[in-house]
Amino acid sequence: MTKKAETFLPLSQATYYILLSLREVRHGYGIMQDVEAVSKDEVTMGPGTLYGALSKLEKQQVIEKAVVQDDDRRKYYQLTSLGKEVLRLEYKRLKSLVENAKDIMTELEVE
């Protein structure tokens with residue numbers, strides 16, 4: 001039975017950034033560096049957190065190992081089609097949260 005992408009939402013902040021990082025094939029350390037860069041240093045994760053999340057996401061078939069020529073030492077990962085859909089839906093959900101609050105936040109700032 002194929003899992004529906006919706007069942008993975010909402011994502012944790014760390015998981016969201018990991019999936020964003022996997023917009024291209026990366027190894028663990030590359031993911032950690034990219035997450036810090038994309039989050040503007042708001043999110044930093046240690047190896048334990050990262051590899052725990054990668055293992056879970058792989059079991060859930062949201063990501064998969066990728067084969068990279070000339071590098072047998074590192075494990076590389078990429079998004080599956082399910083992973084791309086989960087990321088798309090989470091982006092849409094977060095965007096909606098911000099959009100729905102925009103007018104209210106503007107009112108609050110006026111007071």
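Against the longest principal axis of the chain, how steep is helix 28-38, in degrees 0 to 90 to the nearest 10, with axes from Cα atoms? So the helix axis and the longest Cα principal axis differ by about 20 degrees. Spin-label model, Arg88 to Ala37: label points 7 Å out along the Cα-to-beta-carbon direction sit 2.5 nm apart. With helices as the sole contributors, the chain gives -19000 deg cm²/dmol at 222 nm; each DSSP H run of n ≥ 4 counts as -39500 (n - 2.57), and the sum is divided by every residue.
Taken along the Cα-to-beta-carbon direction at a fixed 7 Å, the label points for Asp70 and Glu99 span 4.4 nm.
Only one of (i) 6.2; (ii) 9.8; (iii) 8.5 was calculated from the structure for mean projected area of the Cα convex hull in nm², and its label is (iii).
What residue among Met45, Val86, Met32 has its Cα farthest toward the positive end of the dipole of the chain, where the charges are +1 on Lys, Arg and -1 on Asp, Glu, each on the Cβ? Ranked along the dipole, the leading option is Val86.
Between the helical axis of 47-59 and the longest alpha-carbon principal axis of the chain there is an angle of about 80 degrees. When +1 charges are put on Lys and Arg Cβ atoms and -1 charges on Asp and Glu Cβ atoms, the dipole computed for region 57-100 relative to its Cα centre reaches about 160 debye.
Counting other Cβ atoms within 10 Å as a rough exposure proxy, the listed residues Asp103, Asp34 run Asp103, Asp34 from fewest neighbours to most.
Close Lys pairs in region 9-110, defined as Cα atoms under 29 Å apart and 8 or more places apart or on different chains, number 25.
The magnitude of the dipole of region 9-110, with charges of +1 and -1 set on the Cβ of Lys/Arg and Asp/Glu and taken from the Cα centre, is near 400 debye.
We did not get these values from a lab; they are worked out from the coordinates using the rules stated. Keep in mind that what you see is a predicted model, and the values were worked out from it rather than measured. For neighbour counting, all protein chains shown are included, and Cβ atoms are generated from backbone atoms with ideal geometry for every residue, glycine included.
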